[in-house]
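Novice: One structure coming up, written as structure tokens, with questions to follow.
The values are calculated or read from the model by the stated rules, or taken from the named source; none is laboratory data. Here the structure is a predicted model, which means the values were calculated and not measured. Using ideal geometry, Cβ is built from the backbone for each residue, glycine included, and neighbour counts are taken over all protein chains shown.
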Amino acid sequence: MAFGLFKKKQTEKSEIPSVKAGHLNLTVKEVVNETADAISIYFEQPASGNIQYKSGQFFTLIANINGKQERRAYSLCTSPFVDPHPAVTVKRVEGGLMSNHLGDNLKAGDVMEVLEPIGNFVTTFDSNNERHIVLFGGGSGITPLMSIAKSALNQEPKSKISLIYANRDSDSIIFKYALEQMEKENPERFKVVHVLGEAPPEWKGYKGLLTRDIIKEALDMLPKMEEGQTEFFMCGPGPMMDIVELSLSNLNIPKVQVHKESFTSDAGKKKENAAVSNEIVAREVTVIYDGEEFKYTVEPGETILEKGLEEDIDLPFSCQSGLCTACRGKCLSGKVKMDEDEGLSEAELNEGYVLPCVSHPLTDDVVIEIG
Ligand code: FES
């Protein structure tokens, strides 16, 4: 996740220096209205060199709102292979502090503190690949999928890309015209199947919620590839992703071909349960970060990250819900209980990685190395 020189189109450079390791001060180049309640924020490239990121990753934006620092993770909608400037797409959430703050106030020329891009919802592009990439998006879940679609079209001339995209109605389709354009430019390689919750009488596509029947029918009419040559990526509301996962599992699609990006979690609920569980008691933990070792006691009802921040240790974090992996560390000894491990792959779990933002110590010898 390092930033470095990236040999692409030369662009105007921001002269604002970064603040601390992993943080950047980025100048807003442009704010684009995508729909009535969604914007894309384009950033100038830093003077130190273009930002390196992978399609499917996200930035964490940091802002002071009502005197308190807020952080939120937003996926990049741009492709590092195609777009000269990185951008994230932000949809207003009812009552959402950050999304409404950005929608109401942000303008070109503003400087935002941003954490370097991270995330595992990625794939490796190769011009020799001949695969079918099937994307399932719901609402603003299109954002990382847009980046993946653009990169795949640009980098894999022999691959086909299909997008099954569910929205409330036609006006809420983010990137509607950009997607139409991509379809026109790649008629043999890119197909979008829209599903609208509320559709006008003349609408010829799918109507209603994304169901197992619609998924099956849509998949039946999409291109067929050799066995194992189709990969699925999904991002959207939880219930939509549950339906997609179930449908793919019923079609005997191996899990290894299915990639999922969640942006909601029930870690808060599980944390409450953890607080009353007998196995979680106050215990001292050791956290190693940035070459320093910190020891502190974590009480039931708080997480290892929360207590660390309370102790004024400048630990990395973003979502605080066990989804984004910004806080990821390796448990070198002892055992922890995670309220949520959605953000970690099976391989990471097997290697001992944990997410301190949702972790409670279960033994007295917990040592976690972050970074
Ligand atoms: S801060 Fe996002 S997973 Fe911990």
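Novice: Please enumerate the residues belonging to segment 230-253 that are touching a strand residue (DSSP E or B) at 6+ places or on another chain (Cβ under 6 Å) and not in a strand (DSSP E or B). It would help to see each step written out before you state the result.
Specialist: Residues of segment 230-253 touching a strand residue (DSSP E or B) at 6+ places or on another chain (Cβ under 6 Å): 230-237, 240-241, 244, 248.
If the condition is that a residue be touching a strand residue (DSSP E or B) at 6+ places or on another chain (Cβ under 6 Å) and not in a strand (DSSP E or B), then G236, P237, M240, M241, V244, L248 are the ones that fit.
Novice: When both residues are 6+ apart or on different chains and their Cβ atoms are under 6 Å apart, which pairs have a first residue that lies in segment 310-321 and is within 25 Å of Y74 (Cβ to Cβ), and a second that is assigned to a loop (DSSP other than H, G, I, E, B) and within 6 Å of the ligand (Cβ to nearest atom)?
Specialist: Short answer, once both residue conditions are applied: P316/A326; P316/C327; F317/A326; F317/C327; S318/C324; S318/A326.
Novice: Mind listing whichever residues of segment 124-166 are within 16 Å of V193 (Cα to Cα) and surrounded by fewer than 24 Cβ atoms within 10 Å (Cβ to Cβ)?
Specialist: Once the filter is applied, which keeps residues that are within 16 Å of V193 (Cα to Cα) and surrounded by fewer than 24 Cβ atoms within 10 Å (Cβ to Cβ), segment 124-166 yields H132, G139, K160, S162.
Novice: A follow-up question, please. Given (1) at pLDDT 95 or above; (2) within 13 Å of the ligand (Cβ to nearest atom), where does S265 come up short, assuming only one miss?
Specialist: Unmet for S265, out of (1) at pLDDT 95 or above; (2) within 13 Å of the ligand (Cβ to nearest atom): (1).
Novice: So which residues in segment 50-70 are out of contact with any strand residue (DSSP E or B) (no Cβ under 7 Å at 6 or more places or on another chain) and in a strand (DSSP E or B), if there are any at all?
Specialist: N64, I65, K68
Novice: Further question on the same structure: For segment 310-366, which residues satisfy the criterion of being among the polar types (S, T, N, Q) and either crowded, with 18+ Cβ neighbours inside 10 Å or within 26 Å of F121 (Cβ to Cβ) (or both)?
Specialist: In the first step, residues of segment 310-366 are kept if they are among the polar types (S, T, N, Q); the result is 318, 320-321, 325, 333, 345, 350, 359, 363.
Scanning segment 310-366 gives S318, Q320, S321, T325, S345, N350, S359.
Novice: Run down I133, I173 and say which single residue is touching a His at 6+ places or on another chain (Cβ under 8 Å) and aliphatic (A, V, I, L, M).
Specialist: I173
Novice: Scan segment 225-246 for residues that are loosely packed, with under 12 Cβ neighbours inside 10 Å and over 18 Å from the mean Cα position of the chain (by Cα) and jot them down.
Specialist: Matches in segment 225-246: E226, E227, G228.
Novice: Take the conditions among the β-branched types (V, I, T), out of contact with any helix residue (DSSP H, G or I) (no Cβ under 8 Å at 6 or more places or on another chain), closer than 26 Å to E116 by Cα and in contact (Cβ under 8 Å) with a residue 12 or more places away in the chain and apply them to I304. Does it pass?
Specialist: Details: among the β-branched types (V, I, T): yes; out of contact with any helix residue (DSSP H, G or I) (no Cβ under 8 Å at 6 or more places or on another chain): no; closer than 26 Å to E116 by Cα: yes; in contact (Cβ under 8 Å) with a residue 12 or more places away in the chain: yes.
So I304 does not fit the description; no.
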